[in-house]
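See structure below.
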Amino acid sequence: MRRLTKTDANFDPTARIQGWNVIRRVLPYLWPEGERGIKVRVVAAISVLVMAKIIAVGTPFFYKAAVDTLSGEARDDLWLIGLGAVALTVIYGLTRLANVGFQQTRDVLFAPVGQRALRALALQTFTHIHRLSMRYHITRRTGGLSRVMERGVKGVEFLLRFLLFSIGPLLLELLMISVVLFFMFDVWYLVVVGLTIVAYVTFTFRVTEWRVKIRKVMNEQDTDANQKAIDSLLNFETVKYFGAERLEAARYDSAMKQYETAAIRTNVSLAFLNFGQSFIITAGLVAVMVMAAVGVSNGALTVGDFVLVNAYMIQITMPLNFLGTVYREIRQALIDMGDMFDLLEQPAEVQDKPGATTLHVTGGRVELHDVHFGYDPARPILKGVDLTLEPGQTVAIVGSSGAGKSTIGRLLFRFYDVTGGAVLIDGQDVRDVTQDSLHAQIGVVPQDTVLFNDTIHYNIAYGRPDATEAEIRAAARAAKIHDFVMSLPDGYDTTVGERGLKLSGGEKQRVGIARTLLKNPPILLLDEATSALDTDTERGIQSELRTMGRGRTVLTIAHRLSTIQDADRIVVLEDGVIVEQGTHDALLAEGGRYAQLWSRQEQEAA
């Protein structure tokens, strides 16, 4: 379904269709299956709402009776006159208070319904985002994604509340007042009120549809500015390295300038809308009051009738003014939620097939059979790779940058599916098992370890949340970071900052190694796992990783060849194909591509 864009010359009618689709998507959250308590609250809130509207429409009658009593124009058919002006005034005040009380009771009853819907949809969206493929997250801006989710989720509670408590109640109140005007006064009062309402609603809806396009552009500029700010702050160090503060400020200011232009247009259009609404309402109010004044002058109506008409017109004016605001907000909420539902309908590239089984690792044999893959169909990365890792074997993959080393790790973890061939673990195609069971059996230490903005304890325990304190500290000792952590004032409660920026590269890497050690998986994937460490620390951790690898299948992706000399087998990958494989000594003796890489690194080290 096509989304409305700022280049549209006219408002796209499919936007209304999409709006109704969004409403249909939201309604189940208002009446959830199996949630009896929520349904009871909705029914109770609607019942209280109806009571509030009945009282609101009946309240002006007490006002009219009090005025007629005081002016001496009371009629015999007004039985309320017998109560007296003072009693009628008190009753009038009590009915107004009761109306407010019912409205607040309605809000209290409905609050859990709206909050539950907000929570349920937020969780659904958050879970779905994590299900989307790595390709989607690589191409999507995180800042823009968070804004889509934030605005969409916030629109849920608003839309539910105002669909139930604004549009419906407004129609009910207008209907009841129209009936009163028709039977108590002349039909022309109803005609004038009807024309006023039609003119007001038509004007409001048409101008608001025009404003929606302007508001959408403003949202796009807001998202763009927010993304630039987040991107710049996440790359704080890079900005400093290149002295690019002015460049970043200029980029941000340029985005904010476009937002400023759109925001000004939004405010101008709002002023036009507000003035037009006031003109229509005022014209209708004056026309009805003139008719009532003429009726009082010729004796057809009492002063109380004049007051009653005035009270009803004011009572109509208030919700109509509110309708303008609500309609604008509902249209904006529909746009925001439409973007979010578009996100929810975005299919995950990698999905569990129907009937997918749980991966059972008996030995940890990993096989790649004639694997072909490319991130872009026009640019293949792997071109028929055949590779087998026997249980308990350590295999290292080396080669030039862009040869496809890390791609093999991503295919094993099933971030992507192969375009040809198969990846097997103990004879089970990774496409035939559930992703959760696959991920549980593979531990990964990436080249760039990213930490959560939480404590060191939390980041290590992330490898196995149910681990004991002793197990967490044992993993930290194995990763050679325990002594460093204990030297910090807050120890394991030390926060690591955004993406772990408070720690050095080596310290982050060791935390990443510790959490993978804690996970204790049967298959281990090391993607340049010690690249950020100094030589002495690297040697110590390599020893621990070798110890950890005993009895496990280990796939090491390495750039520094000195770290994989002890591997059971070294595979040399070039341009997406395996050109050599064997032990370190055997490959050196062959004098081929591996020997060239080794010689080059030896010279660089010297």
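The values are calculated or read from the model by the stated rules, or taken from the named source; none is laboratory data. Model, not experiment: these values are computed from the prediction. Cβ atoms come from the backbone with ideal geometry, glycine included; neighbour counts cover every protein chain shown. For the accessible areas, the whole protein counts, side chains as well, though only heavy atoms, and no ligand, DNA or RNA atoms are used. Shrake-Rupley method; radii C 1.70, N 1.55, O 1.52, S 1.80 Å.
Per residue of the range 513-528, in order, report the coupling 6.51 cos²θ - 1.76 cosθ + 1.60 (Karplus, θ = phi - 60°) as ³J(HN,Hα) in whole Hz, putting x for Gly and Pro.
Result, ordered by residue: 5, 4, 6, 6, 4, 5, 5, 6, x, x, 10, 10, 10, 10, 9, 6 Hz.
Along the principal axes of its C-alpha atoms, what lengths does the range 371-504 span, in descending order and rounded to whole Å?
Computed over the Cα atoms, the extents are 53, 29, 25 Å.
Among 465, 192, 398, whose Cα projects farthest towards the positive end of the dipole of the chain, with charges put on the beta-carbon of Lys, Arg (+1) and Asp, Glu (-1)?
So the residue furthest toward the plus end is 192.
Net charge around residue 398, counting only other residues with Cβ within less than 13 Å of its Cβ (Lys, Arg = +1; Asp, Glu = -1)? Before the final figure, lay out the partial values.
Working: positive: 405, 560, 569, 593, 600; negative: 527, 528, 574, 580.
With Lys, Arg at +1 and Asp, Glu at -1, the neighbours total +1.
With all protein chains present, calculate the accessible area of residue 359 using a 1.4 Å probe and round the result to the nearest 10 Å².
10 Å²
Can you sort 92, 462 by 1.4 Å-probe accessible area, starting with the largest?
Working: 92 55, 462 115 Å².
If we order 92, 462 from most to least accessible, we get 462, 92.
Could you state the angle between the C-alpha long axis of helix 535-549 and the longest principal axis of the C-alpha atoms of the chain, as a value from 0 to 90 degrees rounded to the nearest 10?
Compared with the principal axis, the helix lies near 90 degrees.
Taking the 0 to 90 degree range and rounding to the nearest ten, how far is the long axis of helix 14-30 tilted relative to the main principal axis of the chain, both from C-alpha atoms?
That works out to roughly 90 degrees.
Using 0.36 nm per residue of separation minus the Cα-Cα distance, give me the extension gain between residue 577 and residue 267 in nm, one decimal. Let's see the in-between values first.
Details: separation 310, 0.36 × 310 = 111.60 nm, distance 6.05 nm.
Result for the pair: 105.5 nm of gain on full extension.
Rounded, prolate or oblate: pick one for the range 183-246, where a ≥ b ≥ c are the square roots of the eigenvalues of its C-alpha gyration tensor, a/c under 1.5 means rounded, and failing that, prolate if a/b is larger than b/c, else oblate.
Values: a/c = 9.02, a/b = 5.86, b/c = 1.54.
Because a/c hits 1.5 or more and a/b exceeds b/c, the range 183-246 counts as prolate.
Would you work out the charge dipole size for the range 482-532 about its Cα centre, treating the Cβ of every Lys and Arg as +1 and the Cβ of every Asp and Glu as -1, and quote it to the nearest 20 debye? Don't skip to the answer; put the middle values down first.
Working: 6 positive and 7 negative charges, 25 e Å.
Around 120 debye, computed over the range 482-532.
Of 185, 306, which has the most accessible area and how do the rest follow, probe 1.4 Å?
Numbers: 185 25, 306 65 Å².
Putting 185, 306 in descending order of accessible area: 306, 185.
Among 318, 233, 344, flag the residue with its Cα farthest along the positive direction of the charge dipole of the range 214-344, charges on Cβ as +1 for Lys/Arg and -1 for Asp/Glu.
318
Pop out the ³J(HN,Hα) list for the range 193-199 in order, Karplus 6.51 cos²θ - 1.76 cosθ + 1.60 with θ = phi - 60°, rounded to Hz; leave Gly and Pro as x.
4, x, 5, 4, 5, 4, 5
Taking the inverse of the average 1/r across all pairs of different Cα atoms in the range 226-285, what Kirkwood radius in Å do you get? Walk me through the intermediate numbers first.
On the way: mean 1/r = 0.0692 Å⁻¹.
Kirkwood radius, the range 226-285: 14.5 Å.
For the chain, evaluate the Debye formula with one uniform point scatterer on each Cα (no solvent term) and list log10 I(q)/I(0) at q = 0.05, 0.11 Å⁻¹, rounded to two decimals.
Per q value, in the given order, log10 I(q)/I(0) is -0.40, -1.14.
Residue by residue, what Karplus-based ³J(HN,Hα) values in Hz, rounded to whole numbers, does the range 229-244 have, using 6.51, -1.76 and 1.60 with θ = phi - 60° and x for Gly and Pro?
Running phi through 6.51 cos²θ - 1.76 cosθ + 1.60 with θ = phi - 60° gives 5, 5, 4, 5, 5, 5, 9, 3, 5, 4, 4, 5, 4, 9, x, 9 Hz.
If you put +1 on each Lys and Arg Cβ and -1 on each Asp and Glu Cβ, how big is the dipole of the chain around its Cα centre, in Debye rounded to 20?
Numbers: 63 positive and 66 negative charges, 290 e Å.
It works out to roughly 1400 debye.
When only the heavy atoms of the protein chains count and the probe is 1.4 Å, how do 336, 352, 575 rank by accessible area, highest first? Before the final figure, lay out the partial values.
Values: 336 20, 352 70, 575 105 Å².
Output order, biggest surface exposure first: 575, 352, 336.
Skipping prolines and chain starts, which residues have an amide H placed within reach, meaning under 5 Å, of the one on residue 428, given they are 5 or more residues away or on another chain?
Distant-sequence amide H within range of residue 428: zero hits.
How far is helix 245-297 tilted, in degrees, relative to the longest principal axis of the Cα atoms in the chain, given as a value from 0 to 90 rounded to the nearest 10?
20 degrees
Tell me which residues come under 5 Å, amide H to amide H, from residue 420 once H is placed; ignore anything under 5 positions away on its chain.
372
With runs of 4+ DSSP H residues as the only contributors, calculate the mean residue ellipticity of the chain at 222 nm using -39,500 (n - 2.57) per run, divided by the residue total and rounded to the nearest 500. Present the calculation step by step, with values, prior to reporting the outcome.
Numbers: 19 runs with 380 residues, N = 606.
That comes out to -21500 deg cm²/dmol.
At 1.4 Å probe size, what's the solvent-accessible area of residue 360? Round to the nearest 10 Å².
The value for residue 360 is about 120 Å².
Which FRET efficiency, nearest 0.05, do residue 351 and residue 33 yield, Cβ-Cβ r, R0 22 Å? Each step should come with its number before you reach the end.
Numbers: r = 25 Å, r/R0 = 1.13.
The value I calculate is 0.30.
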